[in-house]
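**Q** Below are the structure tokens for one structure; questions will follow.
What follows draws every value from the coordinates through simple rules; no lab data is involved. None of these values were measured; they are calculated from a predicted model. Neighbour counts are summed over all protein chains in view; Cβ atoms, including those assigned to glycine, are modelled from backbone coordinates with ideal geometry.
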Amino acid sequence: MNWIVFDYGEVLCTRTTALPKLAATMGVPAEEFEPVYWAVREAYDRGSSDLEYWTSIGDRVGVRVDDTMSEELTAIDVAGWSNLAPSSLELLEALSEAGAALALLSNAPSSFGKWVREQEWAKLFRVTLFSGDVKFAKPDPEIFHLLLEKLEAKPEECLFFDDRESNVEGARAVGIRAQLWDGAEAARAALD
């Protein structure tokens, strides 16, 4: 069986719109908040808890984060990444209808993975794998080996789309066919 594997962030969805609201919730200027949001994100994507993530941001911007604020920030953050691009959804639906085996591989925290699995469109995927759940992240070879194990597939039986060159190279390093994401139309052309 051949698998088509998609990244989530900025492939299936648009870039988060939540950063100004997150900054406002913490009571700090967006231009101060945003670099810190990204600077400490990798640990969150690799399995640290929601509270650990928001506390690490709070420590850097001088804001005390408690459980209540962490839950509020997590909800805003998840919502910010929830805008599925219509062209991507159309592509997934067309592939699913055609009988394609679809999988999702995303560097994302566990709380986000939980939200995705509750969405109607998530049923289009036979397998979903989130870095926060397994404590490995792209472009580490371990996460690609884990993906192959879950898919019960050989590397050459997979085509992987991601918006980051480093992740594409990471997939190729373990033998997975991988392509840099350049929109749903380009993906459609690559699949034909």
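**Q** Just 170, 62, 99 to compare: in a GNM of the chain, with alpha carbon springs under 10 Å, which one fluctuates most?
**A** Sorting by GNM fluctuation, first place goes to 99.
**Q** Give the Kirkwood hydrodynamic radius (Å, one decimal) of the chain, defined as one over the mean of 1/r across all pairs of different Cα atoms.
**A** Result for the chain, one decimal place: 17.2 Å.
**Q** Whole angstrom only: what separates the Cα centroid of the stretch 111-145 from the Cα centroid of the stretch 28-94?
**A** Here the two parts' Cα centres lie 16 Å apart.
**Q** Let me ask something additional. Which of the aspartates and glutamates could a cross-linker bridge to residue 21, judged by Cα under 16 Å and excluding same-chain residues fewer than eight apart?
**A** Qualifying aspartates and glutamates at Cα under 16 Å: 31, 32, 34, 71, 72, 77.
**Q** For the stretch 19-80, with the dipole built from +1 on Lys and Arg beta-carbon atoms and -1 on Asp and Glu ones, taken about the Cα centre, which of 38, 53, 70 lies farthest toward the positive end?
**A** 38
**Q** Find the all-direction average of the projected area of the Cα convex hull for the stretch 19-80, expressing the result in square nanometres with one decimal place.
**A** 3.5 nm²
**Q** So if I place +1 on the C-beta of Lys and Arg and -1 on the C-beta of Asp and Glu, and nothing else carries charge, what would the dipole magnitude of the stretch 1-53 be about its Cα centre? I want it in debye, nearest 20.
**A** Dipole of the stretch 1-53, to the nearest 20 debye: 140 debye.
**Q** About the Cα centre of the chain, how large is the charge dipole given +1 on each Lys and Arg Cβ and -1 on each Asp and Glu Cβ? Please answer in debye to the nearest 20.
**A** Value, rounded to 20: 240 debye.
**Q** Express the C-alpha Rg of the stretch 102-187 as a ratio against the empirical globular expectation 2.2 N^0.38 Å, rounded to two decimals.
**A** Against the empirical 2.2 N^0.38 Å value, I get 1.04 for the stretch 102-187.
**Q** With charges only on Cβ, +1 for K and R and -1 for D and E, what is the dipole size of the stretch 19-80 about its Cα centre, in debye, rounded to 20?
**A** The dipole of the stretch 19-80 has a size of about 100 debye.
**Q** How about residue 135: which aspartates and glutamates have a C-alpha closer than 17 Å to its C-alpha, ignoring those fewer than 8 places off in the same chain?
**A** Within the straight-line cut-off, residue 135 pairs with 7, 42, 45, 50, 52, 149.
**Q** Let me ask something else about it. If the elastic network links every pair of Cα atoms under 10 Å, which of 11, 61, 168 fluctuates the most in the Gaussian network model of the chain?
**A** Taking springs between Cα atoms under 10 Å, the residue moving most is 61.
**Q** Distance in nm between label sites at residue 120 and residue 133, each 7 Å beyond Cα in the beta-carbon direction?
**A** 2.2 nm
**Q** Can I ask one more? Report, in degrees rounded to the nearest 10, the 0 to 90 angle that the Cα long axis of helix 30-39 makes with the longest principal axis of the chain.
**A** 50 degrees
**Q** If you don't mind, another one. What percent does the relative contact order of the chain come to when contacts are Cα pairs within less than 8 Å and at least six residues apart?
**A** Value for the chain: 28 percent.
**Q** Now, a different point. If you filter the stretch 70-163 for GluC sites (Glu not before Pro), then keep DSSP loop positions with at most 15 other Cβ within 10 Å, what is left?
**A** 118, 152
**Q** Starting from the Cα-Cα distance between residue 38 and residue 21, subtract it from 0.36 nm times their residue separation and give me the gain in nm to one decimal. Present the calculation step by step, with values, prior to reporting the outcome.
**A** Values: separation 17, 0.36 × 17 = 6.12 nm, distance 1.52 nm.
This chain segment gains 4.6 nm when fully extended.
**Q** To the nearest 10 degrees, how steep is helix 141-151 against the longest Cα principal axis of the chain, on a 0 to 90 scale?
**A** It works out to around 60 degrees.
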